[in-house]
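J.: My questions will all concern the structure given below.
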Amino acid sequence: MSKGLRVAGDWLDLTVGRFSELTNSTRFGGGDWEISWKMQLPIGARPRQLRPGALVEVMDGPWVLRSGYLTEPNWVDGTFAASGFCREAEQLLAFDSALNSTLRADVAVDRGAVRGWRVTRDATVPTTALGAADTGEGLNYIAAVLDAAADQAGKFWTVRADRAVRFETAPTTPTLHIKPGVAQLGVVDQDYCRTVYVAYCDSGDRGKVKKVSATDASAPENREVGVDATVLLPITTAKAQSMANGILAKGKAKWGWTGTIELGEHELYSDGGERVDLWSVQAGQMARVHGAFDDQVNLSGATSLDVVLGDTSHVDESGVISVSPIGTVKNSLQAAIEQALSVAA
Amino acid sequence: MASAGLTLGALNLLGGGSSLYRVKTMSDGTDWGNGEPIETVLASLLQDGAVVITQGYNNREATIRVRVESRPGSGGDLADAEAGLVAELNKPNLLTWTPPDGSPATVYEVLTSNLLHTLNDAAELNGFRYYNIRLVCLPYARSVDEVITPAIGTGVDPPAPTVTSIDACTSTTGWARGGFATSGPTVVTGAIQVAASLTLSPGQRRTLSAIRSGLSTSMAGSPYLRVQVTELTSGSIAASGISFQVNGVAVPVAVVSGAFYYLDCTGLTINSVTVLGEWTNAPVPGTGTATLRVDDISSVDTLPSLGSSRQLVRSLAVKGTARTQATLTLEHPTSALGDGVIAYVYDDDGSNYVPSMRARRAGGAGSVSIDAARVSGGSEPLATPPFFDFPYSDLPVGPYGLMLLVKATTNAGAKTITWTAQTRINGVDQGNPLTGTVTTPALSNSTYTLVPIGRGDLRTMKVAANSTAVVRITLTGADVTLDEGWVFNTRIGQLIVANCGTAAPSAGGTSNRLFIKPATIFEDPTVLRGFSADQSDAVYAGAGIGSWMQPNIDPPSVKLLTVTPNALNAAASIRHYPRWYGHAAA
């Protein structure tokens with residue numbers, strides 16, 4: 001059964017018109033990433049519901065499957081898109097109530113919500129500062145503060161359909177199974193390291209610049225990367241170390257995967273052996289790829305590979321979902337720019 | 001032989017036209033076309049062949065070859081004829097074909113159309129012209145007239161079901177004991193009883209059975225077997241469930257109402273009925289006496305309502321042979337339907353799937369308080385978590401949305417509700433459970449509110465087609481009182497929820513009628529609420545629509561679950577055009 005769309009609280013096909021090609025994507029971290037659809041509207045029609053910023057919800061009856069906010073509509077060809085609320089964090093600054101730049105994830109979320117970010121804060125959001133103090137100089141966007149806090153904690157922050165900001169740990173137990181012969185993941189050795197060095201200003205030694213490191217000895221190649229955390233002002237050695245550990249924990253010591261896996265409804269099963277509803281598959285779930293090889297570690301005779309889904313994309317009623325694991329190297333120019341900008345931030 | 005007929009809108013294509021021109025249809029070059037099946041090949045593990053499913057049909061393309069001529073002496077010319085044709089083209093329209101064999105007229109719904117002409121000098125010289133009319137139509141044909149199919153329920157108390165006794169259980173003739181029963185069958189205070197003294201080690205289960213054989217009862221006209229059964233227990237053992245076999249084959253229970261168990265035995269001739277009662281014990285050894293008591297075996301023609309007449313499950317007949325679109329109407333002559341009105345339309349697939357949870361209550365730390373004002377007929381606190389068992393055979397494959405009708409027990413405000421869905425076989429948990437936690441919106445401590453609490457694949461394990469597995473759903477919530485809960489399958493069913501108000505209904509005020517209208521070639525779908533039966537004061541239900549999915553109306557019938565919290569025995573009907581593959585049969 002096709003899913004419904006509710007925009008600005010109104011059911012779209014009851015109030016505006018029929019829509020088609022409903023598509024959604026999710027990411028880990030991030031959560032709900034994008035919703036898009038097409039509509040044929042009369043020339044000049046500007047329904048009040050379809051205003052930029054309107055709340056967009058993909059519905060299965062009264063149950064919200066995905067949520068986002070409407071971005072610039074294309075009235076010419078009738079395409080509409082909504083960005084997930086995680087992306088709104090890239091446009092909101094991280095302040096406390098006195099407009100100081102906050103280095104606390106919980107304060108950034110709470111004050112962002114006061115200033116219009118339509119989310120709530122889950123109890124998993126850290127309540128400690130990134131640096132030695134709760135505030136710092138310069139201007140940071142909420143997304144940057146959350147990214148840094150997630151790296152320190154070795155977790156991923158998400159905003160999913162319930163619009164709650166959460167810090168999630170990558171699962172270690174698969175809940176999805178991909179049937180053998182469907183997927184074979186290629187690997188590429190870019191965007192990878194064995195050892196992470198973090199340069200930081202030591203708050204316990206008069207701000208002297210020091211370095212800590214974290215190493216994953218199981219990584220196949222000897223490669224190092226440096227992270228300049230001096231921009232965060234003085235922090236403790238423990239915080240710098242947790243940052244280094246967190247970066248490795250998020251898969252930095254693994255070669256990147258290439259390509260995506262396209263799965264039909266008959267190729268994906270729950271851990272109970274039943275077929276799954278494709279709308280219930282989201283980035284952040286762990287899938288066991290049966291019959292796949294891991295070119296990096298010795299599987300000791302195991303005939304499957306467990307991966308955490310980093311990206312999913314699905315067109316409603318297509319019967320197909322595209323997924324890719326965490327650490328997929330994005331080879332498009334847009335994706336490469338996106339990675340470079342996020343590093344610069 | 002009857003006369004054939006062919007009209008496009010107001011234009012008669014078999015000799016009609018106007019005073020200026022005449023239109024005739026040529027059989028050569030005329031075709032009604034066919035709907036194009038949309039077939040999808042699914043990837044599967046089949047070694048030979050492929051799984052192909054038909055997801056629907058694309059439009060049909062009909063072609064009509066016509067010859068137009070001016071009427072002699074009228075002064076009209078061929079351009080007048082072309083203008084007359086074009087007036088009926090390039091817009092939604094109806095093409096009606098009446099076959100010459102006397103069968104009913106068939107309507108093809110035209111989405112758009114255009115005219116094709118090729119110059120023919122011989123025809124021009126003789127005063128006539130040929131055209132091909134191309135019509136893009138919906139894939140299925142339909143009947144000329146709509147039909148209204150009422151479901152049982154006319155706004156007044158329905159007639160009592162007709163009960164036909166099979167065995168009054170006042171004699172042991174035909175009865176035998178089975179399983180672990182060691183005494184009986186005997187007649188005790190007007191009922192058959194079998195019993196046993198049981199000593200159970202931890203986790204052990206024992207079943208007693210009472211078997212009635214030697215019957216030859218046709219269920220035609222009265223298809224539901226009703227058995228009145230009670231498990232009596234003394235000592236440190238506990239009754240843990242009742243099940244049934246008919247003619248030696250396990251039959252799932254359709255509805256439980258008090259001590260009455262209803263089994264769907266449509267089409268069967270019953271030769272034997274076996275009643276099985278199971279006993280178990282606490283996690284310590286148990287000893288006690290188990291007694292299985294059967295008071296009555298009868299057949300009935302209708303199932304009872306689910307707890308109260310505010311909640312009804314009905315079957316709606318759908319005429320035709322192809323999927324159609326229907327206006328669904330819920331109404332009551334005097335009472336507003338209430339807030340949180342539910343209409344759930346779902347496939348009549350022959351299973352006993354009914355979304356309601358109360359009828360599946362299998363136990364819990366607390367108890368249900370009877371309350372006739374409640375949708376379920378009772379209420380219970382979730383602080384003493386109840387659990388509900390749904391047999392796998394009664395849960396079609398697909399995702400399920402869970403919804404509760406709840407209020408705050410004491411203190412109004414937001415509450416936390418936790419649910420788990422666990423597959424069990426023979427009382428043993430299988431695989432991992434599905435769980436969810438939700439924070440509700442602020443709940444009143446006087447008014448019940450519908451709250452969606454989660455969604456997931458409740459069938460967490462793959463099982464065999466004849467599996468005895470159940471899904472146990474457990475609900476927990478501090479300071480929360482439950483009226484009713486539902487597990488709505490969103491693959492085979494469509495859920496509509498709307499508010500109609502609770503005060504006395506009036507035009508422009510609260511509503512005793514809800515109209516759920518489909519998409520047609522002329523209109524978008526909508527949900528209207530109103531007071532008058534002719535919809536003259538009906539308005540869009542607007543912000544009061546809590547759920548919307550366009551109902552799927554497939555012949556020969558669909559099931560409909562309705563909840564009208566403020567109205568007893570609300571009537572339900574569907575108004576639809578029967579649709580057919582190519583030609584109407586009625």
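Results for (1) buried (at least 24 other Cβ atoms within 10 Å of the Cβ); (2) closer than 22 Å to A:Arg118 by Cα, shown as yes or no for each residue.
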position: A:Asn24; (1), (2): yes, yes
position: A:Met39; (1), (2): no, no
position: A:Gly44; (1), (2): no, no
position: A:Pro47; (1), (2): no, no
position: A:Pro52; (1), (2): no, yes
position: A:Pro62; (1), (2): no, yes
position: A:Gly68; (1), (2): yes, yes
position: A:Val76; (1), (2): no, no
position: A:Thr79; (1), (2): no, no
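J.: Quick one: count up the residues across the range B:372-420 that are away from every other protein chain (no Cβ under 14 Å), in contact (Cβ under 8 Å) with a residue 40 or more places away in the chain and part of a loop (DSSP other than H, G, I, E, B).
T.: Qualifying residue count, the range B:372-420: 12.
J.: Sort out which residues of the range A:12-35 are of a type in the set (S, T, N, Q) and either part of a strand (DSSP E or B) or within 14 Å of the chain's Cα centre (by Cα) (or both), and write them in order of number.
T.: The answer is A:Ser20, A:Thr23, A:Asn24, A:Ser25, A:Thr26.
J.: I've got another one for you. Quick check: is even one residue across the range B:498-517 of a type outside the set (A, V, I, L, M, F, W, C), touching a strand residue (DSSP E or B) at 6+ places or on another chain (Cβ under 8 Å) and closer than 30 Å to B:Asn59 by Cβ?
T.: yes
J.: Turning to a different aspect of this structure: Taking the range B:50-76 as the search range and keeping residues that are touching a residue at least 24 places away in the same chain (Cβ under 8 Å) and over 22 Å from B:Gly33 (Cα atoms), which one is nearest to the other protein chains (Cβ to nearest Cβ)?
T.: B:Val68
J.: Same structure again: Specify which of the listed residues (A:Val159, A:Val114, A:Val107) is buried (at least 16 other Cβ atoms within 10 Å of the Cβ) and over 22 Å from A:Arg27 (Cβ atoms). Explain how you work it out, then say what you get.
T.: Numbers: A:Val159 fails: over 22 Å from A:Arg27 (Cβ atoms); A:Val114 fails: buried (at least 16 other Cβ atoms within 10 Å of the Cβ).
Sole residue among the options that is buried (at least 16 other Cβ atoms within 10 Å of the Cβ) and over 22 Å from A:Arg27 (Cβ atoms): A:Val107.
J.: While we're here: Could you please find all residues in the range B:536-571 being in a strand (DSSP E or B) and either crowded, with 24+ Cβ neighbours inside 10 Å or over 13 Å from the mean Cα position of the chain (by Cα) (or both)?
T.: B:Val539, B:Tyr540, B:Ile545, B:Gly546, B:Ser547, B:Val558, B:Leu560, B:Thr562, B:Val563, B:Ala571
J.: Restricting to the range B:278-311, give me the number of residues that are over 11 Å from B:Ala238 (Cα atoms), at pLDDT 90 or above and among the small types (Gly, Ala, Ser).
T.: 2
J.: Then there's this: Does B:Thr520 satisfy being within 14 Å of chain A (Cβ to nearest Cβ), out of contact with any Gly (no Cβ under 6 Å at 6 or more places or on another chain) and without any contact (Cβ under 8 Å) to a residue 40 or more places away in the chain?
T.: Spelling it out, it is not the case that B:Thr520 is within 14 Å of chain A (Cβ to nearest Cβ), out of contact with any Gly (no Cβ under 6 Å at 6 or more places or on another chain) and without any contact (Cβ under 8 Å) to a residue 40 or more places away in the chain.
J.: Specify the residue that is surrounded by the most Cβ atoms within 10 Å (Cβ to Cβ); the eligible residues are those in the range B:137-154 that are in a loop (DSSP other than H, G, I, E, B) and modelled with pLDDT under 85.
T.: The qualifying residue surrounded by the most Cβ atoms within 10 Å (Cβ to Cβ) is B:Gly153.
J.: Residues being in contact (Cβ under 8 Å) with a residue 12 or more places away in the chain, at the interface with chain B (Cβ under 7 Å from one of its Cβ atoms) and surrounded by 19 or more Cβ atoms within 10 Å (Cβ to Cβ): count how many of those fall in the range A:269-279.
T.: The qualifying residues number 2.
J.: Can you find, within the range B:421-434, the residue that is surrounded by the most Cβ atoms within 10 Å (Cβ to Cβ) among those that are closer than 17 Å to B:Met357 by Cβ, within 12 Å of chain A (Cβ to nearest Cβ) and not hydrophobic (A, V, I, L, M, F, W, C)?
T.: Looking at residues that are closer than 17 Å to B:Met357 by Cβ, within 12 Å of chain A (Cβ to nearest Cβ) and not hydrophobic (A, V, I, L, M, F, W, C), I get B:Thr423.
J.: Looking only at the range B:331-387, count how many residues are of a type in the set (Gly, Ala, Ser) and farther than 28 Å from B:Ala250 by Cα.
T.: Within the range B:331-387, the subset of a type in the set (Gly, Ala, Ser) is B:335-336, B:338, B:340, B:343, B:350-351, B:356, B:359, B:362-367, B:369, B:372-373, B:376-379, B:383.
Subset that is farther than 28 Å from B:Ala250 by Cα: B:335-336, B:338, B:340, B:343, B:365-367, B:369, B:372-373, B:377-379, B:383.
Counting residues in the range B:331-387 that are of a type in the set (Gly, Ala, Ser) and farther than 28 Å from B:Ala250 by Cα gives 15.
J.: Looking at B:Phe515 and the list (1) of a type in the set (Phe, Trp, Tyr); (2) surrounded by fewer than 19 Cβ atoms within 10 Å (Cβ to Cβ); (3) assigned to a strand (DSSP E or B), which single condition is not satisfied?
T.: (2)
J.: How many residues does the range A:130-149 contain that are over 22 Å from the mean Cα position of the chain (by Cα) and not charged (D, E, K, R)?
T.: Filtering the range A:130-149 down to residues over 22 Å from the mean Cα position of the chain (by Cα) leaves A:131-139.
Narrowing the set further to residues that are not charged (D, E, K, R) leaves A:131-133, A:135-136, A:138-139.
Residues meeting the conditions: 7.
J.: Would you be able to say whether some residue in the range A:143-153 is modelled with pLDDT under 95, part of a helix (DSSP H, G or I) and β-branched (Val, Ile, Thr)?
T.: yes
J.: Report yes if some residue within the range B:36-54 is touching a Leu at 6+ places or on another chain (Cβ under 8 Å), surrounded by 17 or more Cβ atoms within 10 Å (Cβ to Cβ) and closer than 30 Å to B:Trp580 by Cβ; otherwise report no.
T.: So in the range B:36-54, the residues touching a Leu at 6+ places or on another chain (Cβ under 8 Å) come out as B:50-53.
Pick out the ones that are also surrounded by 17 or more Cβ atoms within 10 Å (Cβ to Cβ) and you get none.
Checked the range B:36-54: no residue is touching a Leu at 6+ places or on another chain (Cβ under 8 Å), surrounded by 17 or more Cβ atoms within 10 Å (Cβ to Cβ) and closer than 30 Å to B:Trp580 by Cβ.
J.: I'm checking my understanding of the structure. Among residues of the range B:477-517 that are of a type in the set (Ser, Thr, Tyr) and over 20 Å from B:Leu404 (Cα atoms), which one is farthest from the other protein chains (Cβ to nearest Cβ)?
T.: Of everything passing the filter in the range B:477-517, B:Ser506 is farthest from the other protein chains (Cβ to nearest Cβ).
J.: Let me ask you something else. Taking into account only those residues within the range A:1-34 that are over 21 Å from B:Arg491 (Cβ atoms) and in contact with a Lys or Arg (Cβ under 6 Å, 6 or more places away or on another chain), which is nearest to the other protein chains (Cβ to nearest Cβ)?
T.: Taking the candidates together, the pick is A:Asp32.
J.: Within the range A:4-31, can you find the residues that are among the basic types (Lys, Arg), within 28 Å of A:Ile43 (Cβ to Cβ) and touching a strand residue (DSSP E or B) at 6+ places or on another chain (Cβ under 6 Å)?
T.: Answer for the range A:4-31, where residues must be among the basic types (Lys, Arg), within 28 Å of A:Ile43 (Cβ to Cβ) and touching a strand residue (DSSP E or B) at 6+ places or on another chain (Cβ under 6 Å): just A:Arg6.
J.: For the structure I just gave you, tell me whether A:Arg118 is under 22 Å from A:Glu168 (Cα atoms) and in a loop (DSSP other than H, G, I, E, B).
T.: Yes, satisfied.
J.: Could you count how many residues in the range A:170-222 are over 16 Å from A:Gly246 (Cα atoms), over 27 Å from the mean Cα position of the chain (by Cα) and modelled with pLDDT of 85 or more?
T.: Number satisfying all stated conditions: 6.
To keep it simple, each residue is scored yes or no on (1) modelled with pLDDT of 85 or more; (2) over 30 Å from B:Thr162 (Cβ atoms); (3) crowded, with 19+ Cβ neighbours inside 10 Å.
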residue	(1), (2), (3)
B:Ala210	yes, no, yes
B:Leu215	yes, no, no
B:Ser218	yes, no, no
B:Leu225	yes, no, yes
B:Phe244	yes, no, yes
B:Asn247	yes, no, no
B:Asp264	no, no, yes
B:Thr269	yes, no, no
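J.: Scan the strands (runs of 3 or more DSSP E) fully inside the range B:454-512 and keep the ones with 1 or more residues being among the hydroxyl-bearing types (Ser, Thr, Tyr).
T.: So the answer is B:470-477, B:480-489.
J.: Looking only at the range B:523-541, which residues are farther than 17 Å from B:Ala343 by Cβ and more than 8 Å from chain A (Cβ to nearest Cβ)?
T.: Within the range B:523-541, B:Glu523, B:Phe531, B:Ser532, B:Ala533, B:Asp534, B:Ser536, B:Asp537, B:Val539 meet the criteria.
J.: Residues that are within 14 Å of another protein chain (Cβ to nearest Cβ) and touching a residue at least 60 places away in the same chain (Cβ under 8 Å): does the range A:43-55 have at least one?
T.: Yes: one or more hits.
J.: Out of the range A:255-268, which residues are at the interface with chain B (Cβ under 8 Å from one of its Cβ atoms) and modelled with pLDDT of 85 or more?
T.: Matches in the range A:255-268: A:Gly264, A:Glu267.
J.: Hey, among the residues in the range A:73-125 that are over 17 Å from A:Gly138 (Cβ atoms) and β-branched (Val, Ile, Thr), which one's farthest from the chain's Cα centre (by Cα)?
T.: This residue is A:Val76.
The values are calculated or read from the model by the stated rules, or taken from the named source; none is laboratory data. Bear in mind the structure is a predicted one, so any value in this text is a computation, not a measurement. Virtual Cβ from ideal backbone geometry, glycine too; neighbours counted across all protein chains shown.
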